[in-house]
1. So if we plug the beta-carbon distance of Asp68 and Asp106 into 1/(1 + (r/R0)^6) with R0 = 25 Å, what FRET efficiency do we get, rounded to 0.05?
2. Take the solvent-accessible surface of the protein heavy atoms, probe 1.4 Å, and return the percent of it on the stretch 75-120 that carbon and sulfur atoms account for.
3. Could you give the angle, 0 to 90 degrees to the nearest 10, between helix 86-98's Cα long axis and the longest principal axis of the Cα atoms of the chain?
4. What stretch of the chain, leaving out the sites themselves, is the longest with no trypsin sites (Lys or Arg not before Pro) in a DSSP loop having at most 14 other Cβ atoms within 10 Å?
5. Give me the dipole magnitude in Debye, nearest 20, for the stretch 9-121 about the Cα centre, with unit charges on the beta carbon: positive for Lys and Arg, negative for Asp and Glu.
6. Per 5 Å bin, what is the whole-percent P(r) computed from every C-alpha pair distance within the chain?
7. Any idea how far the Cα center of the stretch 83-113 sits from the one of the stretch 1-55, in Å?
8. Which of the lysines could be linked to Lys31 by a straight reach, that is with a Cα gap under 20 Å, when you skip same-chain ones fewer than 8 residues away?
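The values are calculated or read from the model by the stated rules, or taken from the named source; none is laboratory data. Everything quoted here is computed from the prediction, not taken from an experiment. Every residue, glycine among them, receives a Cβ derived from its backbone with ideal geometry; neighbour counts consider all protein chains shown. For the accessible areas, the whole protein counts, side chains as well, though only heavy atoms, and no ligand, DNA or RNA atoms are used. Shrake-Rupley method; radii C 1.70, N 1.55, O 1.52, S 1.80 Å.
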Amino acid sequence: YPECTLVLPPLLARAKVEFEQWYASHHQGRKLHWHCDLGSCAVQAKYATDTLVLDVVPAQACFLLVLDDGVCLSREALSTKVGLDGASFDTVAASLIEARLIVCEDDVYEATRKRPVNGTV
């Protein structure tokens, strides 16, 4: 697997460090290696009248967390914050746009404020 370049949000980065410390104390001599493109996580998305629990891959979760609270970011700024670029960035962004969880207009990305239509998520 390629090296993980994903930049985890502070809350997830702290949890990762805590787990690494726990793992090292319980499994002497073993090496832990992270593959950020494997696995999934649950992200709770709150809308005006509804709450959704989204099962996403870590890269999608990072996009959504960075764009939380109505933040609008250029492609370059978002790419820097999540640690992805090129085809990796395009793949994750396209999946979230197709699910109508984020929007992109003139290379500026933001999270949608309205709940996605049933069947798109």
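1. Details: r = 21 Å, r/R0 = 0.84.
Given R0 = 25 Å and the Cβ-Cβ separation, E is 0.75.
2. Values: 1390 of 2880 Å².
Carbon plus sulfur share of accessible area: 48 percent.
3. That works out to roughly 50 degrees.
4. Details: sites that count: Arg30, Lys31, Arg100, Arg113, Lys114.
My reading of the result: 32-99 is the longest stretch.
5. So the magnitude is around 440 debye.
6. Histogram of Cα-Cα distances, whole percents per bin: 2, 10, 19, 22, 18, 13, 7, 5, 3, 1, 0.
7. One Cα centre to the other: 20 Å.
8. Lys16
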